[in-house]
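Here the structure is laid out as structure tokens; the discussion comes afterwards.
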Amino acid sequence: METYKSIKGKGIYPIVGISVLYNIFLVLLLFVVNSYEISIILKITIIVFNIYQLYYIIICTSLSYSMDKENLYITSSLGIKNIKIPFSSIQGYKKAKGYIKGVKLSGYGKNHFAIGRAIIEKIGSTYMFVTSTENIIYLKTEDMNYGLSPEDFNKFEKELRENDINEISWEHKANRNINLYKDKKFFVPFIIVAVLSLTIALNPILLYLYNMLPAMMPLNFDSQFLAIKLGTGKQFAFKQMVYGLLNMAILFCMYYAAYFCAKYDRKSSYKFIYISLIISITFFIMQIRILLTFR
């Protein structure tokens, strides 16, 4: 099996720089803000953000490509990325160099490197594993295009030709047949978020209407979950209902963002509904904790 390292570019520096700056900003906010709800959201944001950053740092610093007699592999350290592309599925390739012209859908990079999914001009939806724009090779398959930047570019191209993969030209057309509601990976979390949002909005209202809330309930908490402002059960129910409506509004926005993204890349659209899912679960758990503690 022949292995080709990815060209060592400068993409790691902006990723690390963004990681440091955002962590400093979020940690400072965590110390400044004295609100239970906001502090929980900030803590979850810090955890998710750092996992996301570490994922791309590892890929960017350890990316490599390899070929055996039947497949091409894209791999990175710790098995974080391990993609197998059968030669039989590759319809052809196209070469490029210089600035990457396109729109980023996920990941990092734009002009000088790109790790993640993007819509590349005249190429289409592409899974980018390009650490440098010195030499880029785009592979076309039926479901997805791939962008690579091997160090030994000429040898890499020669091995592709030896496996009957030739240079071709193609144009991309946006997908107009989008039925996200038929996709279980999208539809199931969508329904979960909708149910959670309704529960967050209606649960405290029903408890109030059936006189199952105490006369006085906490309205605001400090970061240590100590009540700093009390109000009536009606005020508490109304505030929690607003949180439920807020989650519905987020779901609405995320749905249309996902719909737009799915025109170019369906898998990239999933992230929007999962962001909404994480937010709704967070608010639901906070509400349950308040009700269990103060009812």
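Taking into account only those residues within the range 284-295 that are β-branched (V, I, T) and surrounded by fewer than 17 Cβ atoms within 10 Å (Cβ to Cβ), which is farthest from K104 (Cα to Cα)?
The residue in question is T293.
Which pairs have Cβ atoms under 9 Å, sit 6 or more apart or on different chains, and link a residue in the range 33-48 that is among the acidic types (D, E) to one that is surrounded by fewer than 16 Cβ atoms within 10 Å (Cβ to Cβ)?
Correct list of pairs: E37/N220.
Counting only residues that are within 19 Å of the chain's Cα centre (by Cα) and of a type in the set (F, W, Y), give me the strands (runs of 3 or more DSSP E) lying completely in the range 1-79 with at least 2 of them.
The strands (runs of 3 or more DSSP E) meeting that bar number zero.
Across the range 221-259, which residue is least open to solvent (accessible area, probe 1.4 Å) among those that are hydroxyl-bearing (S, T, Y) and closer than 16 Å to L196 by Cβ?
Checking each candidate, the answer is Y243.
State all residues of the range 96-118 that are within 18 Å of the chain's Cα centre (by Cα), assigned to a loop (DSSP other than H, G, I, E, B) and over 18 Å from K263 (Cβ atoms); if no residue qualifies, say none.
Selection gives G107, K110.
Just to be sure before I move on: is N163 crowded, with 21+ Cβ neighbours inside 10 Å, of a type outside the set (G, A, S) and either under 28 Å from Y270 (Cα atoms) or at pLDDT 90 or above (or both) in the structure I sent?
No; evaluated as a whole, the condition is false for this residue.
With the checklist (1) open to solvent by less than 30 Å² (accessible area, probe 1.4 Å); (2) assigned to a loop (DSSP other than H, G, I, E, B); (3) closer than 19 Å to E157 by Cβ in hand, flag the one item Y93 doesn't pass.
(2)
Here is a list: S106, S76, S66, S62. Which entry is among the small types (G, A, S), at negative phi, touching a helix residue (DSSP H, G or I) at 6+ places or on another chain (Cβ under 9 Å) and open to solvent by less than 20 Å² (accessible area, probe 1.4 Å)?
Only one candidate passes the filter, namely S76.
Looking for something in contact (Cβ under 8 Å) with a residue 24 or more places away in the chain and within 14 Å of F87 (Cα to Cα) - is there at least one such residue anywhere in the range 147-156?
Yes, the range 147-156 contains at least one residue that is in contact (Cβ under 8 Å) with a residue 24 or more places away in the chain and within 14 Å of F87 (Cα to Cα).
Restricting to the range 266-283, give me the number of residues that are touching a residue at least 24 places away in the same chain (Cβ under 8 Å) and either touching an Asp or Glu at 6+ places or on another chain (Cβ under 8 Å) or buried (at least 20 other Cβ atoms within 10 Å of the Cβ) (or both).
8
Working carefully through the options Y208, Y255, find the one that is under 17 Å from the mean Cα position of the chain (by Cα), outside any loop (DSSP other than H, G, I, E, B), of a type in the set (S, T, Y) and farther than 20 Å from E37 by Cα.
Y255
Quickly run through the range 53-76 and pick out the residues that are more than 17 Å from A114 (Cβ to Cβ) and among the small types (G, A, S).
Result: S66, single match.
The values are calculated or read from the model by the stated rules, or taken from the named source; none is laboratory data. Treat the numbers as computed from the prediction; the structure is a model and nothing was measured. When we count neighbours, we look across all protein chains shown, and the Cβ atoms used for this are built from the backbone with ideal geometry, even at glycine. When the accessible area is computed, the model is the full protein with side chains, heavy atoms only, and any ligands, DNA or RNA have been set aside. Shrake-Rupley method; radii C 1.70, N 1.55, O 1.52, S 1.80 Å.
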